[in-house]
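I have placed the structure first, in the form of structure tokens, so that the comments after it can refer back to it.
The values are calculated or read from the model by the stated rules, or taken from the named source; none is laboratory data. The structure displayed is predicted, hence computed values, not measured ones. As a convention, Cβ positions derive from the backbone with ideal geometry for all residues, glycine included, and neighbour counts pool all protein chains shown. Heavy atoms of the whole protein, side chains included, go into the accessibility calculation; ligands, DNA and RNA do not. Shrake-Rupley method; radii C 1.70, N 1.55, O 1.52, S 1.80 Å.
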Amino acid sequence: MLTINVAVLLAVIIVLRLRRRTEARSRFDEKLTVVTVLVFGVLVAPTAFGQGILDVVVQLVQGMSQSGR
């Protein structure tokens, strides 16, 4: 039996939606893409991959804030 991880499926949908030209998108399409990305973020956040992304972002922000002083 084949199982598909929902986060992987959403990632594929996001990539396909973002490949479309900007001019071809309606406001509804843009809102749907935002909601899809938010749901993807909620699904990925508690995983090890999500924690790794969080660590990288925190390090980047700390580096930028320290270089601004």
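Taking every residue in the range 25-42 that is without any contact (Cβ under 8 Å) to a residue 24 or more places away in the chain and closer than 23 Å to residue 8 by Cβ and pairing it with any residue that is part of a helix (DSSP H, G or I) and open to solvent by 60 Å² or more (accessible area, probe 1.4 Å), at least 6 positions away or on another chain, the pairs with Cβ-Cβ distances below 8 Å are 33/18. Can you confirm whether residue 44 is open to solvent by 60 Å² or more (accessible area, probe 1.4 Å) and of a type outside the set (Asp, Glu)? Here the answer is no, as residue 44 does not meet what is asked.
This table checks each residue for (1) touching a helix residue (DSSP H, G or I) at 6+ places or on another chain (Cβ under 6 Å); (2) modelled with pLDDT under 85; (3) part of a helix (DSSP H, G or I); (4) surrounded by 10 or more Cβ atoms within 10 Å (Cβ to Cβ).
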| position | (1), (2), (3), (4) |
| --- | --- |
| 1 | no, yes, no, no |
| 11 | no, no, yes, yes |
| 16 | no, no, yes, no |
| 20 | no, yes, no, yes |
| 28 | no, no, yes, no |
| 40 | yes, no, yes, yes |
| 49 | no, yes, yes, yes |
| 52 | no, no, yes, yes |
| 60 | no, no, yes, yes |
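In the set (1) in a helix (DSSP H, G or I); (2) surrounded by 10 or more Cβ atoms within 10 Å (Cβ to Cβ), residue 66 fails one condition alone, (2).
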